[in-house]
Amino acid sequence: MEQHKFMTLSRHIIEGEKMHPEATGELSYLLRDLSLAAKVISLEVNKAGLVDILGFTGDNNVHGEQVKKLDMYAHDMLIRAMDHGGHLCVMASEEEVEIIHIPKKHKVGKYVLLFDPLDGSSNIDANVSIGTIFSIYQRITPENTPGTLEDCLQQGTKQVAAGYVVYGSSTIFVYTAGHGTHAFTLDPSFGEFLLSYENLQIPKKAKIYSINEGNYLYWHKGLKKYIKYLQEEDKETDRPYSSRYIGSMVADIHRNMLYGGIFMYPADSRHPNGKLRLMYECNPMAFLIENAGGRASNGKQRILEIKPEKLHQRVPIFAGSEEDVKMVEKFMAKAEKEE
Ligand code: AHM
Ligand code: MG
C-alpha cells in the first residue's frame, strides 16, 4: 500500500513559498492564522448540538436573512484571529455591510481578506456540513495606509490565495495559492491539519449535477433544456446523470472536487443575479476550481474575470468539471440565439 506523505498544512504552505524566492513569508502567516480560526470554529460547530448556541440571534444580516448565532461566532472569531497579525490592511465579511478596518493600534500590511464565515448556515440545525470560504488579495492602495473598498473590489484573477473549510464528518481545509489545490484533514486528537489530497484534479467530465430544482419554473429556457438533456438515457455520453444537492455550497463543491460534477446556482426570473455572492463565495471557489483543472462561469463569462461593482454583489454560477460547464454554456447560448 502506498504510504501518504505525513505533511502538515503549515509545512506545506512554507514549502510552497520556498519555491518562490520573491515571497516574503507573509502569506504563510496569514494562512496559518486562518487555519487556527478554522480549528476554533470547527470545535464550536461540533459542539453546536450540545450547548445552547443553536437558534437565531434575532438580527437580520445585510441580505435581510435571519442570522444564526454560530454565523456571528465564526465572523467574530475570524476577525479576532486576523486583525492583529500585521499582514492585512482591510477585511470584508458576508455578515457585515461595510468593509472591516484594522484597529488603529495594530500594524497594517499588504494583504486583503474577504470571507464568508459560515456558509450554508440554514443547515446547522440538521447537522449537515457547512463551511468557511476565504479569498486573499494584495492591496492596491499605498502601503502603511488603511485599506479601502477599492482594495476589496478586485477582480477574481487578482487573488493570491483562496480556500474553504468544510465542517463535516471531519474538518477539511482546502486551499490554493495559485499552484494547485490541496486538501488537509484535521486530526482532532492533536489538532493538526494533515495533507489528504495534493494537487486535486477535478475529472474533466462526470455524471453528477447539483442545482435547486425547486426553482425550475423560473429558469432560463436553455437551462431547462440542459437539465432535461442530463436526465435522458444515452449510453455513449453516459447519461442519465445523478442529481446531488446538499444546499450547502462548500459541501456540494467539495464533492465535485473529489468526484467531478457540475454545481449550479443560476439566475432565474425571480433572482436575476442568482443568489451567491461574487466576492465571498464565487470568486474563491472559482479560483480553487480552476487550480484543480475545472471551470467556473456565470454562463457566459469566467467568474474570475467579472469586474466587481459592489461588495455584496450576487452572480449566477456554473462550476465544476470543465466539459460539463462548457455544455451548459452551450445550451444557454443556443436558447438565447433562438429567442
Ligand atoms: P448563505 O450564505 O445564506 O448560507 O447561503 C448560501 C447557500 C449556499 O451554501 C448554497 O449553495 C445555497 O445557499 C443554497 O440555496 P437554496 O436554498 O436557495 O438552494
Ligand atoms: Mg454564504
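The values are calculated or read from the model by the stated rules, or taken from the named source; none is laboratory data. Small disclaimer: the values here were computed from a predicted structure and weren't measured. Glycine gets a Cβ as well: all are built from the backbone with ideal geometry, and neighbour counts include every protein chain shown.
So here's what we get for this one:
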read-out: Count of the range 204-225 residues which are under 30 Å from Gly180 (Cα atoms) and buried (at least 19 other Cβ atoms within 10 Å of the Cβ); value: 5
read-out: Strands (runs of 3 or more DSSP E) enclosed by the range 110-186 - at least 2 residues per element that are surrounded by 21 or more Cβ atoms within 10 Å (Cβ to Cβ) and either within 16 Å of ligand 2 (Cβ to nearest atom) or free of Cβ contacts under 8 Å to residues at least 60 places away in the same chain (or both); value: 111-119, 130-138, 161-167
read-out: Selection status of Asp71, among the acidic types (Asp, Glu), near ligand 1 (Cβ under 10 Å from one of its atoms) and assigned to a helix (DSSP H, G or I); value: yes
read-out: Count of residues meeting criterion [away from ligand 2 (no atom under 16 Å from the Cβ), assigned to a loop (DSSP other than H, G, I, E, B) and in contact with a Pro (Cβ under 8 Å, 6 or more places away or on another chain)] in the range 76-109; value: 4
read-out: Unmet requirement for Asn283, which otherwise passes all of (1) within 26 Å of Asp125 (Cβ to Cβ); (2) within 15 Å of ligand 2 (Cβ to nearest atom); value: (1)
read-out: Those residues of the range 217-244 which are outside any loop (DSSP other than H, G, I, E, B), within 23 Å of Glu336 (Cβ to Cβ) and of a type outside the set (A, V, I, L, M, F, W, C), in sequence order; value: Tyr218, Lys221, Gly222, Lys224, Lys225, Tyr226, Lys228, Tyr229, Gln231
read-out: Test: Met279 is in contact with a His (Cβ under 9 Å, 6 or more places away or on another chain) and in a helix (DSSP H, G or I); value: yes
read-out: Residues that are within 16 Å of Ala74 (Cβ to Cβ) and modelled with pLDDT under 95, drawn from the range 95-127; value: Gly120, Ser121, Ser122, Asn123, Ile124, Asp125
read-out: Glu236 being within 16 Å of ligand 1 (Cβ to nearest atom) and either farther than 20 Å from Phe173 by Cβ or buried (at least 24 other Cβ atoms within 10 Å of the Cβ) (or both); value: no
read-out: Which listed residue is polar (S, T, N, Q), within 16 Å of ligand 1 (Cβ to nearest atom) and touching a strand residue (DSSP E or B) at 6+ places or on another chain (Cβ under 6 Å), from Asn256, Asn298; value: Asn256
read-out: Count of the range 96-124 residues which are under 20 Å from Lys39 (Cα atoms) and within 16 Å of ligand 1 (Cβ to nearest atom); value: 10
read-out: Tabulated pairs, the range 190-206, first closer than 20 Å to Glu322 by Cα, second modelled with pLDDT of 95 or more and among the charged types (D, E, K, R), C-beta under 7 angstrom, 6+ apart or interchain; value: Lys204/Glu322; Lys204/Glu323; Lys205/Glu323; Lys205/Asp324; Ala206/Asp324
read-out: Test: residue in the range 201-213 that is within 15 Å of ligand 1 (Cβ to nearest atom), in contact with an Asp or Glu (Cβ under 6 Å, 6 or more places away or on another chain) and assigned to a strand (DSSP E or B); value: yes
